[in-house]
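Below is one structure, written out as structure tokens; comments come after it.
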Amino acid sequence: MKTIHIKFLSAVILPAVLFSCEESLLDFPPQTQIEDGAIIISQSSAEKALVGAYASIRGISGTAILTYETAADNVILNSLRTVVVPTLRADGGVTGGADRTGGGGYGSYYTLINRANHVITAVNELNDGLFTSGSKGKILAEAHTLRAFAYFDLARTYANVPVILTPSTATNQLGIRKSPKTDVLKQVESDLDIAESNWNGNNWNVNKGRVSLWAIYAFKARLYLYQERWNDAENYASKLLLNPELQLTNLEAGDNWYETRFSPEGIFEVACSTSEGNPVRSNFTTAAEGGLGDYIANPDFADLLNDPDIGGKRSLYLKYEPSIAAWLVRIYNKSDRSSSVFLFRLAEQYLIRAEARLKKATPDIPGAIADINEIKNRAGVALLDTPGALSRDELLLVLEDENRYEFAFEGHRYPDIIRTGRAGEVFGALNPIYKDPRYWVVPIPTSELKNDPDLEQNGDGVY
């Protein structure tokens, strides 16, 4: 039996994002994390090591929200009070917006990857007899999914990145060249395939604060959208939309997805607590509420959300603060700091399926309209007419807008516009530099380049 020593990579953390949320919901043993230098020799030690991977995903999910939101057009700097789509700089910061020290959390993703690599390698080499029935497969399914989460965000943020599948005890791993974005996404798919195969046939209880089969299905639907595998995206979204245990909430005060931990709409969320609060709350709340007040809603976008014919009930995502004459983001703003971060929720699956139905070889226009109308109906806005009123391309623009309204401030807007190749038109109207696709990826932080001479900066032909 081979034992694997653990020494985790140090994380790169954005100064304004210190992600620490409630551990008890994860149902792990009292000792919640393996210490550096310890070894994985049993089910108990493997589960404790897995906690370290979950701790990493908490941090990077908060970082991702700020990375994508500050690079898009839904929020603006409170200090500037003007719409600024920033220019991403080669030092990992931005010009024309808030400095994003840490380059979108590049190093933090590799911390998660290394932790997952340790668990995957060690658990695969341990005898099955050391685990209770099914637990080995469950641990591996969770670790593979968490590693996939890191590589997926790396690919859509930086495009081409190194793929590392072996654990390291060093503070960094040098000399590994970048893989093309398509290959990085293939690794994501491989991890999710392994996770799904380990899960199938096992009737494990669903904990929405951890990886579940539902989360794997939702992740695969999103991945296939990025890979433009429309039939697969439709099929995996349908697995969740046909699940009677998942349903859209009413989007009313006291009955909505963002106020209730593990709501019927949630699929996979980072659950926070009063003592270990939501990671981005301070960025969107005023000093009077204990926050930094860095960002407010773009006033033009707030007008759209507050329009009963466009945003409808989604005006609940905002609240007006007269002391600074600004619309604030409400969805992370519970006074006790316990607002969750939603990694996947059911509404996304309707819009994934709608896009897949519009773009597949034989478009399903009526089916796409039905899916879009599910989201519009929940928001209380006018439904789309029967097929024929709008062309396929017009429906795709309606879908783009619906994604913007529905997932306001959840970090979807920027990668969606990049993914569909419309950044030049949408963001280029606010910052002409976005007409050049080289600016559609986040630069790798200069600190990472200095540490590893073989790591190449993003430039020509990276996207």
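Tabulated data for the structure shown
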| item | result |
| --- | --- |
| Too-long pairs where the Cα-Cα distance tops 24 Å, listed order kept, from LYS208/LYS360; LYS220/LYS334; LYS178/LYS450; LYS319/LYS435 | LYS208/LYS360; LYS220/LYS334; LYS319/LYS435 |
| Normalised contact order of the stretch 178-251, rounded percent, pairs of Cα under 8 Å and 6 or more residues apart | 23 percent |
| For the stretch 355-463: rounded, prolate or oblate by the Cα gyration tensor [a/c cutoff 1.5] | prolate |
| In order through the stretch 141-155: 3J(HN,Hα) via Karplus (6.51 cos²θ - 1.76 cosθ + 1.60), integer Hz, x for Gly, Pro | 4, 5, 5, 5, 5, 5, 5, 4, 4, 5, 5, 5, 5, 4, 5 |
| Trypsin sites (Lys or Arg not before Pro) restricted to DSSP loop in the stretch 114-178 with at most 12 other C-beta within 10 Å | ARG177 |
| Segment GLU289-GLN457, length gained on full extension (0.36 nm per residue, minus Cα span) | 56.5 nm |
| Length-normalised contact order of the stretch 326-399 in % [C-alpha pairs under 8 Å, at least 6 apart] | 24 percent |
| Shape category assigned to the stretch 251-395 from the gyration tensor of Cα positions, a/c cut at 1.5 | prolate |
| Sites TYR320 and LEU383, calculated FRET efficiency, Cβ-Cβ separation with R0 25 Å, nearest 0.05 | 0.30 |
| Charge dipole of the chain about the Cα centre (unit charges at C-beta), most positive-ward option of LEU390, TRP199, VAL329 | TRP199 |
| Residue-normalised accessible area of the chain, given per residue in Å² at a 1.4 Å probe | 38 Å² |
| Percent accessible area from carbon and sulfur atoms, the chain, protein chains only, probe 1.4 Å | 49 percent |
| Under DSSP loop assignment and at most 14 Cβ neighbours within 10 Å, longest GluC sites (Glu not before Pro)-free interval of the chain | 246-455 |
| Cα gyration tensor category, rounded, prolate or oblate, for the chain with a/c compared to 1.5 | rounded |
| Phi to ³J(HN,Hα) by Karplus 6.51 cos²θ - 1.76 cosθ + 1.60 over the stretch 317-327, Hz, x for Gly, Pro | 5, 10, 9, 8, 10, x, 5, 10, 6, 8, 8 |
| Relative contact order (%) - the chain, alpha-carbon pairs under 8 angstrom, separation at least six | 20 percent |
| Residues with amide H under 5 Å from that of VAL75, placed H, sequence gap 5 or more | ASN298 |
| Inter-probe distance in nm under a simple model that places probes 7 Å from Cα toward Cβ, at ASN250 and LYS450 | 5.6 nm |
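The values are calculated or read from the model by the stated rules, or taken from the named source; none is laboratory data. Just so it is clear, the structure is predicted and the values come from calculations on it, not from any experiment. Glycine also receives a Cβ, built like all others from the backbone with ideal geometry; neighbour counts cover every protein chain displayed. Ligands, DNA and RNA are stripped out before the accessible areas are found, and what is left, the full protein with its side chains, is counted by its heavy atoms. Shrake-Rupley method; radii C 1.70, N 1.55, O 1.52, S 1.80 Å.
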